[in-house]
Structure formats: C-alpha cells, structure tokens
Amino acid sequence: MNKPRDTHSCCSCSHDDNRDHKESHDHDHDHSHGGGEFDLKKELTPVLLVVVLFTVGLIFEESLHNTPFSIGEYLIFIPAYLLSGWNVLTIAGRNILRGRIFDENFLMTVATLGAIAIHKLPEAVGVMLFFKVGELFQEYAVGRSRNSIKSLLEIRPDYAYLQQGDEFTKVSPEIVKIGDLILVKPGEKIPLDGEVIEGNSQIDTSALTGESVPRTVRVGDTVLAGTINQTGVLSIRVTKLFGESSIARILELVENAKSQKAPTEKFITKFARYYTPFVVFGSLAVALLPPLFIPGATHAEWVYRALILLVISCPCGLVISIPLGYFGGVGGAAKRGILVKGSKFLDTLTQVKTVVFDKTGTLTQGVFKVSQVVTRNGFTEPELLAIAAQAESHSNHPVAQSIRDAYGEKIDTSQVKDYEEIAGHGIRAKVQNRVVLAGNDRLLHRENIDHDVCHADGTTVHLVVDNLYRGYIAIADEIKPDAAKAISELKKLGVEKTVMLTGDNNAIASRISQQLGLDSYEAELLPENKVSALEKIMSQAPKGSKVAFVGDGINDAPVLARADVGLAMGGLGSDAAIETADVVIMTDAPSKVALAIQIARKTHSIVWQNIIVAMGIKGLFIALGAFGLATMWEAVFADVGVALLAIFNATRVLK
C-alpha cells in the first residue's frame, strides 16, 4: 500500500482509467512519503517559510514593486511560488509529456503562470500556498481515515515459535506448515490459525472484531491469527498456512477494498475527465473573445478573468472528498468490527429494505443444550439421559454431542453394538442388549411406535427401548442476546421486511419468529431450497430497493452470493464467508447489521453533501468571476475553501 510517492497533488483523478492512471492515482493519493508515514512537522517547514515570504511580500509590496524592473518583488514572490507549487508544476509537466494534459495540476499551473505573466504575483503565490495548506489538511484527513483500519493492518504477525524436537525456534509464520506445533506466550500475537492442544488463556480479539471483552480459550478451541494471547502459555497445532489464514485474507480484502468503487465515485471520476477540458477551453474563450466583440474591453482584464475561472473551476473538492468519504466509511466500519469489501457495497446497503436472516449461528447461538428430559413408561430422567448418551456415543451430530454433554459421565462404548444411522430420522443401536431407537417424530411413525408427543419446545429426540416409548429429550438452541434488538433497530431504520430462513422444523421457527418480532419465516428448508426462497423474496421486494442476506457463511455461501448484499456473521473462521460475503461482521452480534446500514447511510449522506456544496459554491463563483465580480482571492476560497470544507465533512463519517 505504501508506494513511493510522486506528489501530494489531489488532481490526477481525471485521467484515463488505464494502468498508468492507476499508478499515478496511487502515487498521488497515497498519504505516505517515500514509503513512510506522513510527517506533519516536516511538511509544515516549507509552508511556514512560504508564509513568511508571502507576508513580507504583501507588507512591502509597493516598495518591492518600485525597485528596478520590480526585481525586489520577483526575489520575494518567485521563491515562495516555487516552494509551495513545485510538486504541482512538476506533475503537470510530467503528465503533459505522458499525453495526460487536462487535470487539476494543469489548471493550477496555467492559472498561476498566467497571473505571474500579468504581474499578479501575490495572487499566484496565494493560490499555490492555500492549495498546499489544503493538501496538508487532506493528508491529515486521509491519515485519520487510515488509522481507523490501522489496527487491522498492524496485526500481521511477525514471527512464530515453531517446535522442532524438544526446542522452539523463532521463524517466519510463512514457513510454518499445517500440523506443525507452535508456542504462543502471554502478550504475543497468535501467528497462525490453529487448535489449542495444551493450555488455556484469555484472547484479545478486539483488533479483528472490535469487541473489547477477552475470549477464554481451552484445549480443543480454535484460535485465529492476529489475536493476542493475554494470560497463559498456549501450544497450538496449525490448521492453515499463513497465506490462507483468516488474517491474511482480511488484510488482502482491506487493501483491495478501494477497487470496488461506488457508482457515485465512478461518476465523479468520469465527470472530472470531461469537466476539466471544458473548463480549459471555456476559460480560453473568456480570455480571447470578449476583447474582439466588446468595445473598450482589454486583453489584460479578460485574461485575468479567465485565470480566475481556471482557479475557481478546479474539481479538487469533489475528486478528493468523495473517495475520502467512502474511505472514511469503510474505515469507520472496520473500527467497529464490520469489514466492508468496497464502497459500492456501502451504497447498496443504503437501499436495503428487506433483510433475510439464516437462523442457526446467526439469530441463535448455534450451540445446542438439553433443556428438558421427559420420561414415560417407568424410566427416570437419569436413566433416560444415560441410555440416550450411550446410544448417541458414535454420532458426530451437534444434537448428539449436547446429549453426551448433559450426561457428563464417561461412556463405556463396549456396551454399544449394532450402531446404525437412519438418514433423516435418527439412530438404532443395541445398548446393554436392549434395542434403542433415538430420533425424530418421523422415526416413530416409520417404526409404528405409539407416542403422545410429536414436537416439544425445541429440537426433540424421542427414545424407544425394546419397542416401547420411553420419553423424549428437548434440546434448545439459545437465541442470541441482541437478536431481538437487531430486528427492532432495523425496523427503526425503515427496513420494511425481516425474514428468517431455516432448515429447522416449523414449530421452532414459529416460536423464534414470534420472540424476535420477525415479519415472516420459512422453515424445513434444505440448503439448496434457501436460494429459491431468497429469489422469491427478492422478486417481491419494492422496486428500486435491495435485499440483504445475513448468514453464518459456512453453509450459506450460495445465498450470500445471490443476495444484493451478503453479510457474513462471525465469518472470521469461515473461508466461505470471507470469499463470498460483501460485508463480514467480525463478531456474532446481529445488531451490527443495523450499524452497517447506519454507517452506509451516513457515508452516502456526507458524500452527497460534498457534491451539492462543492457544485453550488463553485457555480456561484464561476458566475461572479465571469462578470468580473470575483478576484483571484475569491477564486482561491472557491477552490481550496471548498476542498477543505469537503475534506472536513468527509472525516465526520469516522465518528
């Protein structure tokens, strides 16, 4: 990102969108100098020198002007002019040699050299000086925007302690392989994605998620590169190469976000390309035509007016403040744990009127817990739970895991024989020589088992022992603490419809929908059915509005891709989320969806404020300049003043 810099100029956006333009754009807009950080003190030194020379020149202007051939005036103002405008002059010259004439550097150069030619030296220096001051504010504003995502860019790990035999060697994370063991001490960054195999600790995830509360990790937990180990020593088995780790992908997305430009941003770039030559030829006409047709009109007077028009017309305020506004929006979102992959997705979010949620892992915790054990026909609760845990001992399903967790004792798997999974129904096994069935209501009907309960409150596992119904275990997936708040905030923002799509049964979907205040839901959907359900919702959405889909990113990749804008919840652990979603919410908090829309709307509002204010002020001063009612000083305000107003306005999106 920190390429060598050619200039501070904000004016190369009007060039052709070719490879050279991209290079020039990157050079001209990068806030770093020679690959380093922006040094305000260093940049202020020449500006202060110019201010001194400029002030001396203005105070003693008449005396300096009255020296032979006005040499005193030139000795004061020309050094000031070159100190403040050298970058603009060199870039204008270089661009002319490359065949890219019509940019703001060219406008500034022609206007100020013309002012010198008609002996308006203070005005020429004033234009360049205030332009330079404007650039310093621009640099400062860009620096503030970049600082918002600086935490992301600084979490790239520098080293890893790799286990080699009985020793740990300090190596680059890029040479560590999958399956290698690494050691992370307290206070160090975790260098690669992996699984904790020894130790427990508190992990600071704030740089990735924006959340200040540390997360506790133990043996078996997954940890992500870029987070900070706070309290204990961790031994970690690496599960991803450094280049494929979550942090490497996030860094790449942050650096590439500027390539996904919003339509407004593209329009302004295109507008500047046609606007600048129009201004140049218009000013040329103002300089040449009136003296030919208006009696008493002088060339000096109309050339001065033309130069004023050139300065007024510089599109700096627009060309800089609009990308800066979007950059601030992306940076402000990243600061709050929301990674937006480009400004065009901020624009799309402003038009969202329908938000569709996945259920498990998005609105609910995705962590199943036994909520109720109900017995029938002589079994006690501990007996039912014990035989269910034994029957489910070979299953990898989260529901089976929740039953084993609730049982909490060591299971003797030698007592479990003839284990069989019945797809879409449940399992059959022999436990202590008794035939056990554990599964859903469909399994009971298939086996013709009499029972008095079909669906309890949650996921229901029915138990049958030796063909006799023995009861059921209800398993609940808890709703996230801020899920109801998320729906409420979306309604306040004017989102007209909130929908939930789930593969769970209708009873559970109905209960959660009512608890959260959703407008509608569709239940018992297979993953492939979710896409068609989303397409149906999109076809019914109000004309001109957009539909957002919020999913956990693991099995929702096709739906995330199909939506107008896809938001992945807690997607840092999921490659599918990072690759497919347009916005990655780096926590499990659904309320961040409303925050993302708020940031997008504020960004969009600020960008359009800048467009309207810049166009309005410039239009007014162009009219004043054409009628001779504006001097070069007003022209400076119209150019630099508008740019500063727009830049300061753009930085508001960070707050």
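The values are calculated or read from the model by the stated rules, or taken from the named source; none is laboratory data. These numbers come from a predicted model, not from an experiment. No Cβ is skipped: glycine too gets one built from the backbone with ideal geometry, and neighbour counts run over all protein chains shown. All accessible areas refer to the heavy atoms of the entire protein, side chains included, with ligands and DNA or RNA removed. Shrake-Rupley method; radii C 1.70, N 1.55, O 1.52, S 1.80 Å.
From the list 342, 296, the one residue that fits, being farther than 27 Å from residue 579 by Cβ and not β-branched (Val, Ile, Thr), is 296. Filtering the range 355-383 to residues that are among the charged types (D, E, K, R) and in contact (Cβ under 8 Å) with a residue 40 or more places away in the chain leaves 358, 359, 369, 376.
Answer yes if at least one residue in the range 346-354 is under 30 Å from residue 459 (Cα atoms), among the charged types (D, E, K, R) and touching a residue at least 12 places away in the same chain (Cβ under 8 Å), and no otherwise. No; the residues of the range 346-354 include none that is under 30 Å from residue 459 (Cα atoms), among the charged types (D, E, K, R) and touching a residue at least 12 places away in the same chain (Cβ under 8 Å).
Restricting attention to the range 567-609 and to residues that are part of a loop (DSSP other than H, G, I, E, B) and either touching a Cys at 6+ places or on another chain (Cβ under 8 Å) or modelled with pLDDT of 85 or more (or both), the residue that is least open to solvent (accessible area, probe 1.4 Å) turns out to be 590. Considering (1) in contact with a helix residue (DSSP H, G or I) (Cβ under 7 Å, 6 or more places away or on another chain); (2) of a type in the set (A, V, I, L, M); (3) within 13 Å of residue 472 (Cα to Cα), say which one residue 384 fails and leave the rest. Of everything listed in (1) in contact with a helix residue (DSSP H, G or I) (Cβ under 7 Å, 6 or more places away or on another chain); (2) of a type in the set (A, V, I, L, M); (3) within 13 Å of residue 472 (Cα to Cα), residue 384 misses just condition (1). Mind checking whether some residue in the range 117-128 is farther than 30 Å from residue 273 by Cβ, at pLDDT below 85, of a type outside the set (S, T, N, Q) and surrounded by fewer than 21 Cβ atoms within 10 Å (Cβ to Cβ)? Scanning the range 117-128 turns up at least one residue that is farther than 30 Å from residue 273 by Cβ, at pLDDT below 85, of a type outside the set (S, T, N, Q) and surrounded by fewer than 21 Cβ atoms within 10 Å (Cβ to Cβ).
Taken over the range 46-88, the criterion of being surrounded by 16 or more Cβ atoms within 10 Å (Cβ to Cβ), modelled with pLDDT under 90, farther than 21 Å from residue 139 by Cβ and aliphatic (A, V, I, L, M) is satisfied by 64 alone. Considering (1) modelled with pLDDT of 85 or more; (2) surrounded by fewer than 24 Cβ atoms within 10 Å (Cβ to Cβ); (3) closer than 30 Å to residue 110 by Cβ, the lone condition that residue 634 does not fulfil carries the number (1). Among the residues making up the range 152-198, those that are modelled with pLDDT under 90 and of a type in the set (Asp, Glu) are 154, 158, 166, 167, 174, 188, 193.
Residues of the range 383-398 that are in a helix (DSSP H, G or I), more than 15 Å from residue 371 (Cα to Cα) and either of a type in the set (D, E, K, R) or modelled with pLDDT under 85 (or both): 383 alone. Can residue 489 be described as buried (at least 17 other Cβ atoms within 10 Å of the Cβ) and either closer than 18 Å to residue 402 by Cβ or not small (Gly, Ala, Ser) (or both)? So residue 489 fits the description; yes. Pairs needed: first member in the range 397-415, on the phi > 0 side of the Ramachandran plot; second member anywhere, open to solvent by 80 Å² or more (accessible area, probe 1.4 Å) and modelled with pLDDT of 85 or more; C-beta distance under 8 Å; at least 6 residues apart or different chains. Nothing qualifies.
Inside the range 399-455, residues that are in a strand (DSSP E or B), open to solvent by less than 70 Å² (accessible area, probe 1.4 Å) and either touching a helix residue (DSSP H, G or I) at 6+ places or on another chain (Cβ under 7 Å) or closer than 17 Å to residue 471 by Cα (or both) make up a count of 12. Taking the conditions (1) at pLDDT 85 or above; (2) open to solvent by less than 60 Å² (accessible area, probe 1.4 Å) in turn, residue 43 satisfies each one other than (1).
Evaluate the following for residue 468: is it open to solvent by 30 Å² or more (accessible area, probe 1.4 Å), over 20 Å from residue 402 (Cα atoms) and among the aliphatic types (A, V, I, L, M)? Judged against the criteria, residue 468 is a match.
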